[in-house]
Amino acid sequence: MSRHCVQHKDYRICYGWDPVQPMRTFFMQVMSEDKNQSEDPIVDVGQGLIYNDAFTDIDKFVAECSRKLTEVGIIDFELSQEQKFQLLNDMFGIGN
C-alpha cells in the first residue's frame with residue numbers, strides 16, 4: 001500500500017493506492033489539523049469500496065476527490081500531475 005501525505009492550510013491530505021484484495025483502489029483522506037475538530041476524516045474517498053466501486057481510473061478518482069473536497073469547502077487543492085503519476089506508479093509497481 002502506498003500513502004502520501006501533504007499539508008494544505010489547516011488540513012492533512014493523505015492519498016495513495018491500496019493493492020490488497022478486495023480493495024484495489026486509489027484513496028484519499030482529509031483530516032482537519034484543528035485541535036477542536038474530530039480526528040476522523042472529513043473526506044474519505046475510496047475506503048470501504050469493493051470491486052465495482054473501487055477507483056482504478058485515475059481521472060475518475062481525481063474528479064471524485066475534487067467533488068468531495070468542494071463539498072467541505074476546500075476549493076483550492078487538487079492532485080498535481082506529479083502526484084497523479086506517483087499514484088499510477090504505485091498502482092503498476094513501477095520503481096518497486
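Step by step: first the residues of region 77-89, then only those that are within 17 Å of Val6 (Cα to Cα) and in contact (Cβ under 8 Å) with a residue 24 or more places away in the chain, then the one that is surrounded by the most Cβ atoms within 10 Å (Cβ to Cβ). Which residue is that?
Leu87
Can you pull out the residues in region 1-11 that are within 11 Å of the chain's Cα centre (by Cα) and not hydrophobic (A, V, I, L, M, F, W, C)?
Answer for region 1-11, where residues must be within 11 Å of the chain's Cα centre (by Cα) and not hydrophobic (A, V, I, L, M, F, W, C): Ser2, Arg3, His4.
Counting only residues that are surrounded by 11 or more Cβ atoms within 10 Å (Cβ to Cβ), of a type in the set (A, V, I, L, M, F, W, C) and without any contact (Cβ under 8 Å) to a residue 24 or more places away in the chain, how many does region 59-76 have?
The total comes to 2.
Every number here is computed from the coordinates shown, using simple stated rules; none is lab data. This one's a predicted model, so the numbers in the text were calculated from it and none came from an experiment. Glycine also receives a Cβ, built like all others from the backbone with ideal geometry; neighbour counts cover every protein chain displayed.
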